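The values are calculated or read from the model by the stated rules, or taken from the named source; none is laboratory data. All figures in this text were calculated on a predicted structure; none of them were measured in a lab. Backbone-built Cβ (ideal geometry, glycine too); neighbour counts: all protein chains shown. The accessibility values were calculated without ligands, DNA or RNA, using every heavy atom of the protein model including side chains. Shrake-Rupley method; radii C 1.70, N 1.55, O 1.52, S 1.80 Å.
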Amino acid sequence: MASINLPEQQKKGESDMDAIVKVTNLKKYYGNGEALVKALDGVDLEIERGKFTAIVGTSGSGKSTLLNMLGGLDVPSEGSVRIGNQELARLTAEQATIFRRKQIGFIFQNYNLVPVLTVWENIIFPISLDARKPDRKFIMEIVNLLGLESKLDSFPNQLSGGQQQRVAIARALATKPSIILADEPTGNLDSRTSDGVISLLRVTSEQFHQTIVMITHNPEIAAHADRVVHIEDGRIVADAS
Amino acid sequence: MLANNNLKICHRLMWREFRFHKGCSILLVTALTLVSMLCTFSFAIGFMVRSGLKYSYQIQYGSTSHILYYGLNSVQAASVARHADVKETVRLKVLGLLSDDMLGYRNVKLAVADDGWAAATEAVPVSGRMPEADDEIAMDELTLQSLAIPRKEGAKVQLRWTPVDGGEERVDTFYLCGWWKSPMGYTETCAWVTPNAAGRLCPDAPDYLDLGVTLYRPRNLDRQAQEILREQGADKVPYTTNLAYNRARRQRMNEKAFPFYLMNIAVVVCGILMVYNIVRISTVQNARFYGRVKSLGMSPRQIGRFIVVQAAYLCLPAIPAGWLSGFVLYMVTAPYVLLGTGGEHPAFLFLNPAPFACSALLTWFTAFTACLLPARLVSGSRPAEAMKYTGLSAAIPAEDRSGAKKRRCRVPFMALYGIRRDKKKAVFAAASMCLSMTLLCGFWTQYISTDEEKYMREIAYCDYLIADASTANSLQRYNPASHSVTPELIEEIAGQKAVTAIGTVRTMEIPMYADEAGRAPIVESFEGENEEGVVRKAYMSGSPDWVSGYEKFRTTGEYIGIASGIDGLAESVILSEGEYVEGVYDAERFAAGNYVIAAGASETSFVSTPPIGSSVEIGGRQFKIMAAVSYKGHIITGADSREAAFNVSYYMPVQVFEELFPECGIRNVLVNIDHNSQKEFEEFLSKKIRDTGIAVKMRSDYQWEFGNALFHNYVIPIFVGAVLFLIGILNFANALVTGVLIRKKEMAVYESLGMTQLQLRRLLVGEGLMYGGMMTAFLVPAVSLMTWLWTGWWAVYSASAWCVTWKYSLLPMWIALPVLLVLVMVIPLGCLHMIRKESVTQRLQIVE
């Protein structure tokens, strides 16, 4: 893999140990009465800037719900989520959307590419929404790193699962977000491709000094991360660096 | 920092969506084209009906100008023309009035040729030209016919006319240089000469002209006309205002057009349902798409723009296609809706951009609303929820939550569960079908309930109404001295085997006087209010001549009475079968010749004649009023004088009438025949009256008018109802297709678990039949009840109730239901065949 020189993500005066994400007493309940489901039941978590953090848990443990809360894709029943200096609960729906496209990069299990846009257009889609000019040099470096040079004019339905996931990774990186949230990025991939994707995330985290939070149910995949947080029944039960 | 500023990406995204989903896009564009077509058609017809009525009022008035001032001098005319409210003016320099008796009721002015006035009054020569030489004249065809002048350039025209300054009648010779066809209703027209000719004919003519004024904003014409004059210091100048802007007439115009505009509500509702149902095929994908783009940072404003652009892309091809097809439909039906446009196609005569603009607006509204609905499904959801949207109710019905019941999972139960899951689909399809079926059944019921025999009995008091030549045109004033209908002709007609009854009507206008006692009941009635609280005389506000005649009667007691001598069939129709307001008709005493029967208004709810038992003097003889009968206007053809617009008719035996007015001719002859001999009798009658100038309204004319009215009132709505019904069927079929296509993966799961093809078919057919059965169970009572209530009300209370024999019918529904039941079986099976082209594993991998 080619190495890339990138602008530092870190701001002056901020250290590596600063928490980029701070979660306090986060709760998310669905339904009521007998049908009450406690997806998150009081989660406290801090994620350091520039680190690759994996959140592991079995199916139904609340890890996807936690990720959705971190990304502002859902609202908590109680508690708070702060990204950088921004308390997400204080934002209106429109502000949250705009904050998300500027500050947060998503990598979904199902890729969630826009089927009618080409690979290149998918990569720069959040930037286009923001009316910003894409940093072509930077994006091409990511494209080269991810091996997508020959696929830029293709449509998602012309790509394999692994290629689609790499496009999703490129899209997440292209906006130079504060944090990348990856929801089971290897869930739909074979083991070989999975290894490749995880390696890319690892490299990304190191070389771009990118904060990445990944959720997975696979401890082996989680082992690639700097820190592994275990969640069960909506609570953090272990936290290993 | 949190600004939201790029909307261009939305346009690109929408364009790609449009191209990528061509099939769905074509379907949507087709649906919107239908909406645009129907809206264009019904608005255009409505506008045409309104404009046609306005045109007919303008014809009656004789000009398109808003106000006509008479007798202004040129300084005053120039000053009026400069008034801030005045848009344009046309001038008429009148030299005099043609005074030939043969012109009858029509006023023909000898005037200096003026292109502007000619255009405003439809008096521009279409054959030949306006006069250029001093001895040339251009005239209208009716005047040429009345004066027996051939329509040939250079034909000699000898005119008797009276100068406008009151000089002696004179005769002058001209040569015809041009002519035109005056609209049939015009009672005034001009004969054009050059300015030099005018100078020669009237060297000392006063500075006197008529001025036609068109305002920028015609509102209250009387007030505006007076204001303009007041500002010129010319309050005494006589004027008239255009009937087409009279409030009562404008109301009538709007009432006539309203039903066509109303149809558009049904069109838009059905259109929204149809487009939405098409969009619903991919509702889950659409909702998840919105969730996806929200998660990537597309703001609500950008999503809003996306929807607007989506609607715009659909409307861009649909609106012009709808305009074109709607216009073609309008062009084909217009001649059957609007008659009497003098050979010009009514579709082009009243073409207006407004219907197209209204249609575009409604089509846009339909498209936008239907495109908005899927986004609204997830508008309140967070992106995480939206990305998982399934469109199916997550709530488990209470009875299914109980674990105690352990049912076997059989195909019929699965079919029922499948339907219960997607109630919205069923509701939308049912609503659309119910609306369109009710409209179609309602209009069909109205069509078959309109009774031709009843119509003929009310409109045509007899099979044939023969009219004197001076009353061939409805606005021609009857000339009592005309004897075109002779006693010999009547004898010949009466002698025909087919004739079962015959009678005659003679009339004479006479100035009469009513004292206080005579006036009182009439004035009380017209000044009083009817059941709706409206002053009765207000209904006549659209007829200024009636108003002026009534005021004269009310203040001075002077009025015009119309003495009518009647016999035979005329007597039975008017008197024996008449509706009496007061008093009783005694045929024997009537025949004795000392009594008359009075008739005022055609209402029976109030008295509009002098009191029963009072005396009136007619032709120097005294008669007692025996009774008051409701006036039957359709018996008499042609017009009476303007002064007789307000009148009271007095019926007397024809022998008495002939004693009083021996020189008076026969105005009308009423004839009834054996209908089996209609064809032969009409051939005989047509031959007899050829080239005599006598006019006849035949039974076949009434039948044609009935057919035309039926077409106008019901066939067009039936057509619109049929198209809406087709839209309803498409909605229904679409709902069936959606129900299978969005469950590709579900079907694959069933197959992977061992469900055979036969079982799958049974499942879908079972679902279809249950769906069809539930639809039928809903539609039959709902449509029956709504149609029964609507047409029941219509048969009793509507303006058409007088010619209706209510025949409640649901025939369109009984034809449609078997079609629906076939569709519910065929469509799901067809869709299953389509989706099974993909393998089970391929379908299992689909992210629904």
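Can you tell me which residue among A:Thr211, A:Thr175, A:Thr186, A:Thr204 is closer than 28 Å to B:Lys388 by Cβ, in contact with a strand residue (DSSP E or B) (Cβ under 8 Å, 6 or more places away or on another chain) and within 13 Å of chain B (Cβ to nearest Cβ)? Give the steps one after another, and end with the answer.
Working: A:Thr211 fails: within 13 Å of chain B (Cβ to nearest Cβ); A:Thr186 fails: within 13 Å of chain B (Cβ to nearest Cβ); A:Thr204 fails: within 13 Å of chain B (Cβ to nearest Cβ).
On inspection, the qualifying residue turns out to be A:Thr175.
Taking the condition of being closer than 28 Å to B:Leu201 by Cα and either of a type outside the set (Gly, Ala, Ser) or open to solvent by 50 Å² or more (accessible area, probe 1.4 Å) (or both), how many residues in region B:65-79 meet it?
Count: 7.
Look through B:Asp114, B:Asp85 and report the one residue that is among the charged types (D, E, K, R) and crowded, with 21+ Cβ neighbours inside 10 Å.
Working: B:Asp85 fails: crowded, with 21+ Cβ neighbours inside 10 Å.
Matching residue, one of B:Asp114, B:Asp85: B:Asp114.
Out of region B:685-699, which residues are open to solvent by 40 Å² or more (accessible area, probe 1.4 Å) and at pLDDT 80 or above?
Across region B:685-699, the qualifying residues are B:Ser686, B:Lys687, B:Lys688, B:Arg690, B:Lys697.
(1) modelled with pLDDT under 85; (2) open to solvent by less than 50 Å² (accessible area, probe 1.4 Å); (3) hydrophobic (A, V, I, L, M, F, W, C): which one isn't true of B:Met102, the others all being true?
Only one criterion in (1) modelled with pLDDT under 85; (2) open to solvent by less than 50 Å² (accessible area, probe 1.4 Å); (3) hydrophobic (A, V, I, L, M, F, W, C) is unmet by B:Met102, namely (2).
Go through region B:12-59 residue by residue and tally those that are away from chain A (no Cβ under 11 Å) and either more than 23 Å from B:Tyr313 (Cβ to Cβ) or open to solvent by 40 Å² or more (accessible area, probe 1.4 Å) (or both).
Of the residues in region B:12-59, the ones away from chain A (no Cβ under 11 Å) are B:22-59.
If we keep only those that are either more than 23 Å from B:Tyr313 (Cβ to Cβ) or open to solvent by 40 Å² or more (accessible area, probe 1.4 Å) (or both) as well, we get B:22-24, B:26-27, B:30, B:41-59.
Count: 25.
Hey, does region B:262-269 have a residue that's in contact with a Pro (Cβ under 7 Å, 6 or more places away or on another chain) and within 14 Å of another protein chain (Cβ to nearest Cβ)?
Here is the first cut: in region B:262-269, the ones in contact with a Pro (Cβ under 7 Å, 6 or more places away or on another chain) are B:263.
Cutting the leftovers down to within 14 Å of another protein chain (Cβ to nearest Cβ) gives us none.
The answer is no, given that none of the residues of region B:262-269 is in contact with a Pro (Cβ under 7 Å, 6 or more places away or on another chain) and within 14 Å of another protein chain (Cβ to nearest Cβ).
Taking only region B:190-230 into account, find how many residues are more than 14 Å from B:Ser79 (Cα to Cα), in a helix (DSSP H, G or I) and charged (D, E, K, R).
Total satisfying the criteria: 3.
Within region A:22-115, considering only strands (runs of 3 or more DSSP E) that don't extend past its boundaries, which have at least 3 residues that are out of contact with any His (no Cβ under 9 Å at 6 or more places or on another chain) and more than 10 Å from every other protein chain (Cβ to nearest Cβ)? Please lay out each step first, then the result.
Working: elements: A:37-48, A:52-56, A:78-83, A:104-107.
Answer list for region A:22-115: A:37-48, A:78-83.
Exactly one of these conditions fails for B:Ser359: (1) surrounded by fewer than 18 Cβ atoms within 10 Å (Cβ to Cβ); (2) closer than 14 Å to B:Phe41 by Cβ; (3) among the polar types (S, T, N, Q). Give me its number.
(1)
Which of the residues spanning region B:657-682 are farther than 21 Å from B:Ser576 by Cβ and either outside the structural domain of B:Ile612 (by TED's automatic domain parsing) or buried (at least 20 other Cβ atoms within 10 Å of the Cβ) (or both)?
Residue satisfying the conditions is B:Phe681 alone.
Taking B:Glu141 and the conditions (1) open to solvent by 10 Å² or more (accessible area, probe 1.4 Å); (2) of a type outside the set (A, V, I, L, M); (3) over 43 Å from the mean Cα position of the chain (by Cα), which numbered condition does it fall short on, given that it satisfies the others?
(3)
B:Glu532 is checked against (1) without any contact (Cβ under 8 Å) to a residue 12 or more places away in the chain; (2) outside any loop (DSSP other than H, G, I, E, B) and fails just one. What number does that condition carry?
(2)
Does at least one position in region B:601-613 carry a residue that is outside any loop (DSSP other than H, G, I, E, B), surrounded by 16 or more Cβ atoms within 10 Å (Cβ to Cβ) and assigned by TED's automatic domain parsing to the domain that holds B:Ala520? Steps first, answer last, please.
Here is the first cut: in region B:601-613, the ones outside any loop (DSSP other than H, G, I, E, B) are none.
No.
Within region A:117-134, identify whether any single residue is polar (S, T, N, Q) and more than 10 Å from chain B (Cβ to nearest Cβ), and answer yes or no.
Among the residues of region A:117-134, not one is polar (S, T, N, Q) and more than 10 Å from chain B (Cβ to nearest Cβ), which makes the answer no.
Restricting to region B:196-216, name every residue that is modelled with pLDDT of 90 or more and open to solvent by 80 Å² or more (accessible area, probe 1.4 Å).
Listed by number, the residues that qualify are B:Asn196, B:Tyr216.
Please determine, by comparing only the residues of region B:183-195 that are at pLDDT below 80 and open to solvent by 10 Å² or more (accessible area, probe 1.4 Å), which one is nearest to B:Thr89 (Cα to Cα). Full working, then the answer.
Going residue by residue through region B:183-195, those that are at pLDDT below 80 are B:183-188.
Narrowing further to those that are open to solvent by 10 Å² or more (accessible area, probe 1.4 Å): B:183-185, B:187-188.
On the way: B:Pro183: 22, B:Met184: 25, B:Gly185: 23, B:Thr187: 21, B:Glu188: 19 Å.
Here the answer is B:Glu188.
For region B:475-499, enumerate the residues that are assigned to a strand (DSSP E or B) and open to solvent by 60 Å² or more (accessible area, probe 1.4 Å). It would help to see each step written out before you state the result.
Step one: list which residues in region B:475-499 are assigned to a strand (DSSP E or B), which gives B:477, B:499.
Once the filter is applied, which keeps residues that are assigned to a strand (DSSP E or B) and open to solvent by 60 Å² or more (accessible area, probe 1.4 Å), region B:475-499 yields only B:Arg477.
Could you tell me which residue of region B:451-474 is farthest from B:Arg106 (Cα to Cα), considering only residues that are at pLDDT 80 or above and open to solvent by 20 Å² or more (accessible area, probe 1.4 Å)? Full working, then the answer.
Narrowing region B:451-474 to residues at pLDDT 80 or above: B:451-456, B:461-468.
Subset that is open to solvent by 20 Å² or more (accessible area, probe 1.4 Å): B:451-455, B:461.
Working: B:Asp451: 38, B:Glu452: 36, B:Glu453: 37, B:Lys454: 36, B:Tyr455: 33, B:Tyr461: 29 Å.
In this case the residue turns out to be B:Asp451.
Residues checked against (1) of a type in the set (A, V, I, L, M, F, W, C); (2) in contact with a Ser or Thr (Cβ under 9 Å, 6 or more places away or on another chain); (3) part of a helix (DSSP H, G or I); (4) modelled with pLDDT of 75 or more:
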position	(1), (2), (3), (4)
B:Leu726	yes, yes, yes, yes
B:Leu736	yes, no, yes, yes
B:Glu746	no, no, yes, yes
B:Val749	yes, no, yes, no
B:Leu758	yes, no, yes, yes
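Among the residues of region B:286-303, is there at least one that is more than 14 Å from every other protein chain (Cβ to nearest Cβ) and assigned to a helix (DSSP H, G or I)? Reasoning before the result, please.
Initial filter on region B:286-303 (more than 14 Å from every other protein chain (Cβ to nearest Cβ)): none.
Taking every residue of region B:286-303 in turn, none turns out to be more than 14 Å from every other protein chain (Cβ to nearest Cβ) and assigned to a helix (DSSP H, G or I).
Considering only region B:779-793, I want to know if a residue exists there that is within 18 Å of B:Glu838 (Cα to Cα) and crowded, with 19+ Cβ neighbours inside 10 Å. Break it down stepwise before answering.
Going residue by residue through region B:779-793, those that are within 18 Å of B:Glu838 (Cα to Cα) are none.
For region B:779-793, residues within 18 Å of B:Glu838 (Cα to Cα) and crowded, with 19+ Cβ neighbours inside 10 Å: absent.
If you take the residues in region B:239-264 that are modelled with pLDDT of 80 or more and not in a helix (DSSP H, G or I), which one is surrounded by the fewest Cβ atoms within 10 Å (Cβ to Cβ)?
B:Thr240
Step by step: first the residues of region B:630-656, then only those that are at pLDDT 85 or above and in a helix (DSSP H, G or I), then the one that is surrounded by the fewest Cβ atoms within 10 Å (Cβ to Cβ). Which residue is that?
Looking at residues that are at pLDDT 85 or above and in a helix (DSSP H, G or I), I get B:Gln655.
Can you name the strands (runs of 3 or more DSSP E) wholly within region A:154-232 that have at least 2 residues being surrounded by fewer than 16 Cβ atoms within 10 Å (Cβ to Cβ) and modelled with pLDDT under 85?
Numbers: elements: A:179-183, A:211-216, A:227-232.
Output list is empty.
Within region B:546-561, can one find any residue that is at pLDDT below 90 and either open to solvent by 50 Å² or more (accessible area, probe 1.4 Å) or among the hydroxyl-bearing types (Ser, Thr, Tyr) (or both)?
Yes: one or more hits.
Within region A:80-117, how many residues are modelled with pLDDT of 90 or more and polar (S, T, N, Q)?
Number of matching residues: 1.
Filter region B:477-507 down to residues that are under 22 Å from B:Ser641 (Cβ atoms) and of a type in the set (A, V, I, L, M, F, W, C) and give me whichever is modelled with the lowest pLDDT.
Taking region B:477-507 as the starting set, the residues that turn out to be under 22 Å from B:Ser641 (Cβ atoms) are B:477-485, B:504-507.
Pick out the ones that are also of a type in the set (A, V, I, L, M, F, W, C) and you get B:481, B:485, B:505.
Values: B:Ala481: 80, B:Val485: 90, B:Val505: 94.
For region B:477-507, the residue satisfying everything is B:Ala481.
Might you let me know whether region B:365-380 holds any residue that is under 30 Å from A:Met69 (Cα atoms), modelled with pLDDT of 75 or more and within 14 Å of chain A (Cβ to nearest Cβ)?
yes
Take the residues in region B:304-322 that are within 14 Å of another protein chain (Cβ to nearest Cβ) and of a type outside the set (Lys, Arg); name whichever of them is surrounded by the most Cβ atoms within 10 Å (Cβ to Cβ). Step through it out loud before you land on a result.
Taking region B:304-322 and keeping what is within 14 Å of another protein chain (Cβ to nearest Cβ), we get B:304-306, B:309-310, B:313.
Subset that is of a type outside the set (Lys, Arg): B:304, B:306, B:309-310, B:313.
Values: B:Gly304: 15, B:Phe306: 23, B:Val309: 20, B:Gln310: 26, B:Tyr313: 21.
Residue satisfying both the conditions and the ranking: B:Gln310.
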